[in-house]
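Read the figures in this text as sums done on the coordinates, not as results from a lab. Note that the coordinates shown come from a computational prediction; the quantities given were computed from them, not determined experimentally. Ideal geometry is used to build each Cβ from the backbone, glycine not excepted, and the neighbour counts take in all protein chains shown.
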Amino acid sequence: MRRRRSTWLAAGDAPPPGGLVYGSAAAETDEIRGFLVREWPAADRDVFGSDGLDWTSRPVVVEARAGEELVAVAVGEVVAGTARLGDILVAGSRRGAGVGGQLLELFCERAAAAGAARCYLRCPDTPRHRRFYRRHGFSRLARLPRYYHDKDFLEYLREPLLPPPGRRGAGDEGAR
């Protein structure tokens, strides 16, 4: 493989001590992906002590429809036994009717079926969001000051992922 001269050094500049040059990459290239594939197994062994760990991302997407109309979605993934709920959104006209709660429970069921034992999420720090996730068995882990657009967010965890048999979340006042 032909080595490229770094674009971070001006012509005639000597490399810095140690020979490392730091800079920004324009995108995640094949070379960068190859580096990650090559180096992650050794890094995993250092932390987890074993080879062959499964880091496959399994998408979890659930929806609610009124006839043909999409009225709510929950989108996330399961990786290494952990679900991450990235988005849950209910159409404004459907909020407060339990749609978000039903969708959240369905997301957790599907995530558990994909191998998750727990679920993490981040949401805006509002009374409505705090009530909603607490009602559905999530525990607050952290407050994230000025996380997006100078607004505070919260990080939540639900573990175990599935409620005891016969107990499902009820109602909602909207979601993330």
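The sum of -39500 (n - 2.57) across all DSSP H runs of n ≥ 4, divided by the residue count of the chain, sets its helix-only mean residue ellipticity at 222 nm to -8000 deg cm²/dmol.
Within 10 Å of each residue's Cβ, count the other Cβ atoms and sort Tyr156, Tyr120, Tyr133 from fewest upward.
Ordered from fewest to most neighbouring Cβ atoms within 10 Å, Tyr156, Tyr120, Tyr133 come out as Tyr120, Tyr156, Tyr133.
Once the Cβ-Cβ distance of His149 and Asp13 is raised to the sixth power relative to R0 = 35 Å, the FRET efficiency obtained is 0.30. Here Arg130 and Ala43 are evaluated by their C-beta separation; at R0 = 45 Å the FRET efficiency comes out at 0.80. Here each label is just a point 7 Å from Cα along the line to Cβ, and for Val75 and Ala91 those points are 1.8 nm apart.
Mean separation of Cα pairs under 8 Å and 6 or more residues apart, divided by the residue count, gives the chain a relative contact order of 18 percent.
Listed from fewest to most Cβ neighbours within 10 Å, the set Ile88, Ile32 follows the order Ile32, Ile88.
Near Leu141, once Lys and Arg are set to +1 and Asp and Glu to -1 for all other residues with Cβ below 15 Å from its Cβ, the sum equals +4. Going from the residue with the fewest nearby Cβ atoms within 10 Å to the one with the most, Glu159, Glu69, Glu109 rank Glu69, Glu159, Glu109. Taking every full run of DSSP H in the chain, the ones that stretch at least 18 Å from end to end by Cα along their long axis and average 0.0 or higher on the Kyte-Doolittle scale are 99-113.
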